[in-house]
Amino acid sequence: MKYPKTKKLPAVDNYFGTPVADNYRWLEDDRSEETAEWVKSQNDVTFNYLKQIPFRTQVRERFNELANFESYSYIRSGYRLSMPVKKNGKIYYFKNSGLQNHAVLVAVDPETQQEEVVLDPNTFSEDGTTSISDLVFSPGGKYVSYAISEGGSDWRKIIVLNAETFEPIGDVVEDAKFTEITWKNDEGFFYSSYDKPDGSELSAMTDRHKLYYHKIGTLQESDKIVYGAGNQKRRYVSSSAFKDSPYLFLSAAESTSGNELYFRKKNLTDLEFNTLIKGFENDYTVIHAAGELCYVYTNYKAPNGRIIKIDLSNSDKDKWEEVLSERDEVILSATFEAGYIFVQYLEHAVSKVYQYRLTGEKVREIGLPGIGSTDGFFGSDESNEVYYSFESFTSPFTIYSFNVESGKSKVFRKPQLKVDIDKYETKQVFYLSKDGTRVPMFIVSKKGTRLNGNNPTLLYGYGGFNVSLSPYFSLRWLTWLDMGGVFALANIRGGGEYGEAWHKAGTQMKKQNVFDDFIAAAEYLQEEKYTSDEKLTIKGGSNGGLLVGACMTQRPELFKVTLPAVGVLDMLRYHKFTAGAGWIVDYGCADSSKAMFDYLHNYSPIHNVQEGVQYPATMVTTGDHDDRVVPAHSFKFIAHLQDKHKGENPVLIRIETKGGHGAGKSTMMYLDELADEYTFAFYNMKAFPANIAK
């Protein structure tokens, strides 16, 4: 097929004596009219191709039917998830009636169970591209603050409302980024941001994170810098505070792994932070603090994690007390609510949850509804009830209430699907990677599926940044299964499923292990006759987009369709954009040494597209407002593919305008993109989707 012509303007970098050409660097300029015209021409070709697929419209209509059910979601407060929140005598949570672009915040009277919509993000913009990313009540319940993302950007605007009326009080903070909202009583809050960069705010480097304090009733221009001035330079900073502690805690990091901890009195006259943990070798998270004591999750001397107690008046390491020692299973999360510590462990990528006293004494293992994933165990000071969620590949996100004294759970809110989910089954298998490592994988299929090598199969993975993938419900899986496919999720190295050792085994000069694990998963699915090389699609996003890009360039004959989404695809220059330098701990940096350059150059997807090779049918997806993984990665990758690829398989890019890295995407945008990806995949696998009219 005929692709838009992408001009070559050679730029050459020299890495330790090796010249490397970058013919498409001009596409990194996200503000140029030429780049905008290129985006339009690529989208024109892609959408013209998709329009000629005979079942595209029916697939999109079917996806609407599948998505049209009442669902519930957590309230996100910075990087902490909160289940329903009890404040001012009401229960608050997010709810989507079906096909709303964004879930709305509802308040429920506990006595009458009467719901009232108090905040509706669907009114924020006509096109649905403005979403809520964070929502936090002040401790006294006087105010509620929420952050919005516009066009999918990571830059945020924080708005403060009266918590009784949900009317704006006039306080607005612009340009926060990668932030918590940490309230100091009802007086004000701490937040994080970067100085707006010179050049494009969507792609220019941001490397000095600052913590600010905003006092209610004042203008943002009078906000005080609490950390980050002078020589206090860190790439990521975030704050936390606890009701029974006089201290504000600060986490400071240079990358996505390892952090320092500082503390100081919440009182603004105490401007200096005390050092609690120095250095970036390990992870530390304060989960609870009271008086002079704080309880901290860490992987220091415990790759699978443990909980320690630190007396802030005498915080030397030899004075730390161990509350929960390391186990064979890895700690995924730990929270403190209603007087107890709740710890979620992963056992072969499946959740197990235990309740402990602050002394470390086990109260009970909490019985979960099945094999899947849980989150939450948050509540309030008003009762001994906390909330948690449970989900699996075939069980939608359901909210449970849990009585911390009786140990009994009951359903609080559960979606009712409009499809028979019981006809599907989940299996967990273990396969051997190239070096003999045993890797787990979940396989979901319709009961009675014949293993004849002819099933359209979607293989999904991530493999990085200590991220664990356990069974969770998503329309991404449900729609594929409904189309008659088999879904597989591989728990490859680089993730956190088996602790820090599993993570480190897929980083820097061991990154090839990640790709080998994923390739071995594809080979297993074909050897066991789930599918074949003509019926296998692989998909991954962000670091998972790198995974797909590397695997398709290393083993193009193994896959029929590849779907790299918002991928990190230029491994020589990724660290030069936005906060990308924070990923060096996982990837390494081409500028650091010849050995590291050689290793990255050897697998970097855009540098390994070969002339005259037939690559799988490929649809790259990205958003023009992605300021996490800038779209230039995807732009340059598809330019190389279209220039060098040989054969009939189409290689296309679908670029969402006013779309970012993925979070906050409207329901309609999400379903449009998903339907196009799967329509493209089934059409190129020569498979007709089930459950639509022929």
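Every number here is computed from the coordinates shown, using simple stated rules; none is lab data. Please read these numbers as outputs of a predicted model, since none were measured by experiment. FYI the Cβ positions are ideal-geometry reconstructions off the backbone, even for glycines, and counts take in every protein chain you see.
Modelling each spin label as a point 7 Å along the Cα-to-Cβ direction, I'd like the Leu219/Asp591 distance in nm, to one decimal. Spacing of the two 7 Å Cα→Cβ label points: 3.8 nm. Taking other C-beta atoms within 10 Å as the exposure proxy, Cys294, Cys589, Cys551 rank Cys589, Cys294, Cys551 from fewest upward.
Considering all different alpha carbon pairs of the range 290-329, the Kirkwood hydrodynamic radius works out to 10.5 Å. Can you figure out the FRET efficiency of Asn691 with Ala21, using R₀ = 41 Å and their beta-carbon distance, to the nearest 0.05? With R0 = 41 Å, the Cβ-Cβ based efficiency is 0.30.
Summing Cβ point charges (Lys, Arg +1; Asp, Glu -1) relative to the Cα centre of the chain gives a dipole of roughly 1340 debye. Pairs of Cα atoms nearer than 8 Å and 6+ residues apart set the relative contact order; for the range 454-584 it is 25 percent.
Give the shape of the range 88-154 as rounded, prolate or oblate, defined through the alpha-carbon gyration tensor: a ≥ b ≥ c are the square roots of its eigenvalues, a/c under 1.5 means rounded, and otherwise the shape is prolate if a/b is larger than b/c and oblate if not. Could the numbers behind the result be given before it?
Values: a/c = 3.15, a/b = 1.42, b/c = 2.22.
Oblate.
Remark: the range 1-131 carries a charge dipole of roughly 440 debye about the Cα centre, counting +1 on each Lys and Arg Cβ and -1 on each Asp and Glu Cβ.
Residues whose amide H falls under 5 Å from that of Glu322, counting only those 5 or more places apart or on a different chain, are Lys309, with hydrogens built in the peptide plane.
With Cα atoms as the point set, the range 220-283 shows a radius of gyration and Dmax of 12.2, 36 Å.
Could you pull out the GluC sites (Glu not before Pro) across the range 108-138 that fall in loop regions by DSSP (anything but H, G, I, E, B) with no more than 13 other Cβ atoms inside 10 Å?
Numbers: sites: Glu111, Glu115, Glu116, Glu126; in loops: Glu111, Glu126.
Here the GluC sites (Glu not before Pro) that fit, given the DSSP loop and packing criteria, are Glu111, Glu126.
Please give the charge dipole size of the range 325-373, origin at the Cα centre, charges +1 on K and R Cβ atoms and -1 on D and E Cβ atoms. Round to the nearest 20 debye. Numbers along the way, then the final one.
Working: 5 positive and 7 negative charges, 30 e Å.
The calculated dipole for the range 325-373 is roughly 140 debye.
Given the Cα-Cα distance of Leu451 and Val613 and 0.36 nm per residue of separation, how much length would full extension add, in nm?
Working: separation 162, 0.36 × 162 = 58.32 nm, distance 3.04 nm.
Additional length available on full extension: 55.3 nm.
Given in Å, the Rg to one decimal and the Dmax to the nearest whole number for the Cα atoms of the range 316-454 are 18.6, 62.
Hey, what D do you get for the chain in µm²/s if you plug the Kirkwood alpha-carbon radius into Stokes-Einstein at 37 °C and 0.692 mPa s? Write out the running numbers ahead of the final one.
Working: Rh = 26.3 Å.
Translational diffusion coefficient: 125 µm²/s.
With point charges of +1 on the Cβ of Lys and Arg and -1 on the Cβ of Asp and Glu, referenced to the Cα centre of the range 385-517, which listed residue (Ser468, Ser392, Asn454) lies farthest in the positive direction of the dipole? Checking the options against the dipole of the range 385-517, the answer is Asn454. Seen from Ala302, the other residues with C-beta closer than 10 Å to its C-beta sum to a net charge of 0, counting Lys and Arg as +1 and Asp and Glu as -1.
Pairs of Cα atoms nearer than 8 Å and 6+ residues apart set the relative contact order; for the range 515-594 it is 25 percent. Computed over neighbours whose Cβ is under 15 Å from that of Gly228, the net charge equals +1, Lys and Arg +1, Asp and Glu -1.
Computed over Cα pairs, the Kirkwood radius of the range 515-566 leads via Stokes-Einstein (1.306 mPa s, 10 °C) to a diffusion coefficient of 148 µm² per second.
Taking every DSSP beta bridge that has both ends in the chain, the antiparallel portion is near 85%. Histogrammed with a bin width of 10 Å, the alpha carbon distances of the range 389-531 distribute as 11, 35, 30, 19, 5, 0 percent, first bin at zero.
Using just the alpha carbons, could you tell me how many Å³ per residue the convex hull of the range 193-314 encloses? Present the calculation step by step, with values, prior to reporting the outcome.
Details: hull volume 16.4 nm³, N = 122.
In the range 193-314, the Cα hull volume divided by residue count equals 135 Å³.
Think of the chain as having a plus end and a minus end, set by charges on the Cβ of Lys, Arg, Asp and Glu; of Ala36, Ala550, Ile584, Ala550 sits farthest toward the positive end of this dipole.
Are there trypsin sites (Lys or Arg not before Pro) in the range 258-360 that DSSP puts in a loop and that have at most 10 other Cβ atoms within 10 Å, and which ones?
Working: sites: Arg264, Lys265, Lys266, Lys278, Lys301, Arg306, Lys309, Lys317, Lys319, Arg327, Lys352, Arg357; in loops: Lys266, Lys278, Lys301, Arg327, Arg357.
Hits after loop and neighbour filter: Lys278.
Measuring max minus min along each principal axis, the C-alpha atoms of the range 15-74 give extents of 57, 38, 24 Å (largest first). Evaluated at q = 0.12, 0.14, 0.24, 0.28 Å⁻¹, a Debye calculation over the C-alpha positions of the range 269-341 (equal weights, vacuum) places log10 I(q)/I(0) at -0.34, -0.46, -1.23, -1.49. Comparing the range 51-180 with the 2.2 N^0.38 Å rule of thumb, its C-alpha radius of gyration ratio is 1.20 (two decimals).
Tell me, what is the percent relative contact order of the range 588-694, built from C-alpha pairs under 8 Å that lie six or more residues apart?
Details: 121 pairs, mean separation 28.0, N = 107.
Computed value for the range 588-694: 26 percent relative contact order.
Listed by chain and number, the aspartates and glutamates whose alpha-carbon sits under 19 Å from that of Lys594, ignoring those within fewer than 8 places in the same chain, are Asp13, Asp22, Asp570, Asp586.
Within the range 193-263, which trypsin sites (Lys or Arg not before Pro) sit in a loop by DSSP and count at most 11 neighbouring Cβ atoms inside 10 Å? Kindly include the intermediate steps, with their values, before the conclusion.
Values: sites: Arg208, Lys210, Lys215, Lys224, Lys233, Arg234, Arg235, Lys243; in loops: Arg208, Lys233, Arg234, Arg235, Lys243.
Passing sites in the range 193-263 are Lys243.
Radius of gyration over Kirkwood radius for the range 554-663, both on Cα atoms: the Rg/Rh ratio is 0.98. The distance between label points at Glu37 and Ser97 comes to 4.6 nm (points 7 Å beyond Cα on the Cα→Cβ vector). Name the residue farthest towards the positive end of the dipole of the chain from the options Asn122, Ile132, Phe430, assuming +1 on Cβ of Lys and Arg, -1 on Cβ of Asp and Glu, about the Cα centre. Value computed over the given set: Phe430. Over the residues of the chain, the helix contribution to mean residue ellipticity at 222 nm works out to -5000 deg cm²/dmol, using -39500 (n - 2.57) for each DSSP H run of at least 4. Over all other residues within a Cβ to Cβ distance under 9 Å of Ser445, the charged ones net out to +2, with Lys and Arg as +1 and Asp and Glu as -1. Largest first and in whole Å, the equivalent-ellipsoid semi-axes of the range 147-263 read 23, 20, 12, each the square root of five times a Cα gyration tensor eigenvalue.
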